[in-house]
Number of protein chains: 2
Amino acid sequence: MYEVELKVPAHLEAVRARLEERDAAFRGRVVQEDTYYDAPHRSFPETDEALRVRRESADGGDESRLTYKGPLVETESKTRTEIETAIESGEAVDAILTSLGFEPAATVRKERERVRVREYTVTLDRVEGVGEFVEVETEAEEGEIEPAREGAVAVLDELGLDADDQIRTSYLELLLEE
Amino acid sequence: MYEVELKVPAHLEAVRARLEERDAAFRGRVVQEDTYYDAPHRSFPETDEALRVRRESADGGDESRLTYKGPLVETESKTRTEIETAIESGEAVDAILTSLGFEPAATVRKERERVRVREYTVTLDRVEGVGEFVEVETEAEEGEIEPAREGAVAVLDELGLDADDQIRTSYLELLLEE
């Protein structure tokens, strides 16, 4: 399975109004604080890897996860290896990584809201210090990537957004560019 | 907080008998499988650090933990910084560490039984390929390390064990010496 994903800058208020008109299924709002680490023995920007501790707060409670992202294996669809596990304490993992010589490089804070539109997940992100974005994503088999991408373009269109505005830069990179 | 810990070789059957005479509170038996990692950028044997993934099986279910142990801050009592957190998946953390260049160095398997004696945790360990041991440990504030150590010596004495037999070598080192 491949993840097909389109991300564009957006005015969330206008997008939310369009979604409400369509009776889309809002899936709740969370606050995510993602800390990315530099390694003591490798340059992650050069190896195109990332190591992240995510602390997520929602109405249902808090949760932390440790995630490793490997280099891109397929550029067009942004496909990469991802290994993730829930952790009891983000603070403890931060302290372990820091003791090992890893250093917090940047922290991305965002408010995230998820909405289901047909087989697509639409994500409304307000990223602190960066801006507002909408992501449309779904999973597709290898032979179905192009139709899945066309469907995502259609969803963006219904929300008044243009797939030509697509940005492939991560929030972390956008934040570091500021 | 510092961990104050004394470990001596022991015949567990004799120690268990003494504990039963005293109506000590047995806290159940677990099987622990500890994998220790080598770092890509430091020699942990030289820096006296350790990074461990523990998978523990008990009647109540399985549980995994990630632990970092820092260098000794007080040699006599084997006091060191320890940072630990529960993790959802030991396999995922193993895969993340391996992707980052850490390598499994050795795996220590043991049956462990815990008993509470006053403010001390007494641990009866049968270590695969190494032998049988009793550990007496407690936590202490920086100024309370010495009295805490004396209390641990007294607990060993009550169990027919001698603090002079103390070994400072870890199970990992004992296993690697075999």
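Looking at (1) under 19 Å from A:L176 (Cα atoms); (2) open to solvent by 30 Å² or more (accessible area, probe 1.4 Å), which is the only condition A:R55 fails?
(1)
Do we have A:R168 as farther than 23 Å from A:S64 by Cα, free of Cβ contacts under 8 Å to residues at least 60 places away in the same chain and exposed (fewer than 14 other Cβ atoms within 10 Å of the Cβ) here?
It is false that A:R168 is farther than 23 Å from A:S64 by Cα, free of Cβ contacts under 8 Å to residues at least 60 places away in the same chain and exposed (fewer than 14 other Cβ atoms within 10 Å of the Cβ).
Pick out the one residue from B:E132, B:E119 that is crowded, with 16+ Cβ neighbours inside 10 Å, of a type in the set (D, E), touching a strand residue (DSSP E or B) at 6+ places or on another chain (Cβ under 6 Å) and more than 29 Å from A:G70 (Cβ to Cβ).
B:E132
Quick check on B:V31: is it in a strand (DSSP E or B) and open to solvent by 70 Å² or more (accessible area, probe 1.4 Å)?
Here the answer is yes, as B:V31 does meet what is asked.
For segment B:34-52, give me the residue count where each residue is of a type in the set (G, A, S) and buried (at least 17 other Cβ atoms within 10 Å of the Cβ).
2
When you check A:G131 against the structure, is it at pLDDT 95 or above, among the small types (G, A, S), over 22 Å from A:Q32 (Cβ atoms) and in contact with a helix residue (DSSP H, G or I) (Cβ under 9 Å, 6 or more places away or on another chain), yes or no?
Taking the combined requirement at face value, the residue does not satisfy it.
Does A:G151 qualify as being more than 14 Å from chain B (Cβ to nearest Cβ), more than 30 Å from B:E91 (Cα to Cα) and surrounded by fewer than 17 Cβ atoms within 10 Å (Cβ to Cβ)?
no
Could you list, in sequence order, all residues of segment B:11-60 that are basic (K, R) and more than 22 Å from B:A95 (Cα to Cα)?
B:R16, B:R18, B:R22, B:R27, B:R29
Consider A:E84 carefully, then state whether it is open to solvent by 50 Å² or more (accessible area, probe 1.4 Å), touching a helix residue (DSSP H, G or I) at 6+ places or on another chain (Cβ under 7 Å), modelled with pLDDT of 95 or more and at the interface with another protein chain (Cβ under 9 Å from one of its Cβ atoms).
So A:E84 fits the description; yes.
What do you reckon, is B:A140 out of contact with any helix residue (DSSP H, G or I) (no Cβ under 8 Å at 6 or more places or on another chain), aliphatic (A, V, I, L, M) and more than 18 Å from B:P9 (Cβ to Cβ)?
No; evaluated as a whole, the condition is false for this residue.
If you scan segment B:134-151, which residues turn out to be within 14 Å of the chain's Cα centre (by Cα) and over 15 Å from B:V30 (Cβ atoms)?
Of everything in segment B:134-151, those that are within 14 Å of the chain's Cα centre (by Cα) and over 15 Å from B:V30 (Cβ atoms) turn out to be B:V134, B:V136, B:E137, B:T138, B:E139.
Which numbered condition in (1) within 14 Å of chain B (Cβ to nearest Cβ); (2) open to solvent by 60 Å² or more (accessible area, probe 1.4 Å) is the only one that A:F26 fails?
With (1) within 14 Å of chain B (Cβ to nearest Cβ); (2) open to solvent by 60 Å² or more (accessible area, probe 1.4 Å) applied to A:F26, the lone miss is (1).
Report yes if A:V93 is open to solvent by less than 50 Å² (accessible area, probe 1.4 Å) and over 30 Å from A:R42 (Cβ atoms), otherwise no.
no
Given the criteria touching a Pro at 6+ places or on another chain (Cβ under 8 Å), open to solvent by 10 Å² or more (accessible area, probe 1.4 Å) and within 14 Å of chain B (Cβ to nearest Cβ), does A:G101 qualify?
When the stated conditions are applied, A:G101 passes them.
Based on this model, can you work out whether B:T138 counts as part of a strand (DSSP E or B) and crowded, with 16+ Cβ neighbours inside 10 Å?
Yes, satisfied.
Counting just the residues of segment B:58-77 that are surrounded by 19 or more Cβ atoms within 10 Å (Cβ to Cβ) and either of a type in the set (S, T, Y) or not in a strand (DSSP E or B) (or both), which one comes out nearest to the other protein chains (Cβ to nearest Cβ)?
B:Y68
Does A:E63 qualify as being over 26 Å from A:D165 (Cα atoms) and charged (D, E, K, R)?
yes
Determine, yes or no, whether B:E56 is among the acidic types (D, E) and over 17 Å from the mean Cα position of the chain (by Cα).
No.
Of the residues in segment B:78-131, how many are of a type in the set (G, A, S) and not in a strand (DSSP E or B)?
Number of matching residues: 7.
The values are calculated or read from the model by the stated rules, or taken from the named source; none is laboratory data. It should be emphasised that the depicted structure is a prediction, and the values quoted were computed from it without experimental measurement. Cβ sites come from the backbone with ideal geometry, for glycine too, and all protein chains shown count toward neighbours. To get the accessible areas, we keep the full protein, side chains included, count just its heavy atoms, and leave off ligands, DNA and RNA. Shrake-Rupley method; radii C 1.70, N 1.55, O 1.52, S 1.80 Å.
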